[in-house]
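Note sheet for the following structure.
The values are calculated or read from the model by the stated rules, or taken from the named source; none is laboratory data. Computed from a predicted model, the values in this text were never measured in an experiment. Cβ sites come from the backbone with ideal geometry, for glycine too, and all protein chains shown count toward neighbours.
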Amino acid sequence: MNLWGLLKNDFFNQHQEILTSDWIEWQDEGIAVAHCAICQVLNGCWFRDDNKPQMPQHPNCHCKRLFIDAPVPNETGRATCDIRKFTEYLFSDKYSWNGKREMFWKLGFDIGDSAVMQSEFEKQAAERYCSGEYKLGLLNEKGQRINIEISLTKNGKKIKLITGWMVRPKGLITCNTPLGG
Ligand SMILES: [Zn+2]
């Protein structure tokens, strides 16, 4: 990009920030035929401007920020967690070796709590994501992973969990792992 292009971009970005919210949609403006797979998978994803993947991603990256309205939990900002993350992963025999099931059993949760956990995860993750309370994790050609803290209460005890999500286009995040770290 030439000097004029840099100045124009800088001016544009500064003024956009004053006028609109601090949320952005990642826009992959790839013009090359074989464009970067990471930029492509980020296309359309929403981030808070101060908590987004590095931009530019690479030399000659043409990705841009489109400033958008901050997402509203369960309206424009949504989180979905497949119930099988609990029934067929966390509480299944198949993955008992990882010790997660044992840990949840000790806390008083079992497979019968799957639906309640699913709805709590979805509700809290949408709220945290929309308030920018997420930590960027691994980014590769499959997408940008984020970690979100979720708290559950059982038998009067409050438990905090670090959960793993994938950022999808247009305000959606989907649960990768119900217990990370
Ligand atoms: Zn790019």
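Counting only residues that are among the aliphatic types (A, V, I, L, M) and touching a residue at least 40 places away in the same chain (Cβ under 8 Å), the range 150-181 holds 6 of them.
Listed residues Thr163, Thr177; which is more than 22 Å from Thr76 (Cα to Cα), surrounded by 14 or more Cβ atoms within 10 Å (Cβ to Cβ) and under 16 Å from the mean Cα position of the chain (by Cα)?
Thr177
If you take the residues in the range 157-176 that are modelled with pLDDT of 95 or more and charged (D, E, K, R), which one is farthest from Ile146 (Cα to Cα)? Checking each candidate, the answer is Lys170. Look at the range 92-112: where a residue is touching a residue at least 12 places away in the same chain (Cβ under 8 Å) and a partner is basic (Lys, Arg), sitting 6+ places away or on another chain with Cβ atoms under 7 Å, you get Leu107/Lys154; Gly108/Lys154; Phe109/Lys154. None of Cys45, Cys61, Cys81 is under 19 Å from Asp22 (Cα atoms) and either touching a helix residue (DSSP H, G or I) at 6+ places or on another chain (Cβ under 6 Å) or not assigned by TED's automatic domain parsing to the domain that holds Leu139 (or both) except Cys45.
Each residue in the range 20-39 was checked for being more than 14 Å from the ligand (Cβ to nearest atom) and either modelled with pLDDT under 75 or basic (Lys, Arg) (or both), and 3 of them qualify. Among residues of the range 43-71 that are more than 11 Å from Gln144 (Cβ to Cβ) and free of Cβ contacts under 8 Å to residues at least 12 places away in the same chain, those with a beta-carbon under 7 Å from a residue that is within 8 Å of the ligand (Cβ to nearest atom) and not aromatic (Phe, Trp, Tyr) at least six positions away or on a different chain give the pairs Pro56/Cys63. Considering the range 132-181, and only residues there that are basic (Lys, Arg) and outside any strand (DSSP E or B), the residue that is nearest to Ile38 (Cα to Cα) turns out to be Lys142. Looking at the range 92-112 only, could you name the residues that are within 25 Å of the chain's Cα centre (by Cα) and modelled with pLDDT of 95 or more? Of everything in the range 92-112, nothing turns out to be within 25 Å of the chain's Cα centre (by Cα) and modelled with pLDDT of 95 or more.
Taken over the range 137-151, the criterion of being over 17 Å from Asn43 (Cα atoms) and touching a helix residue (DSSP H, G or I) at 6+ places or on another chain (Cβ under 6 Å) is satisfied by Ile148, Ile150.
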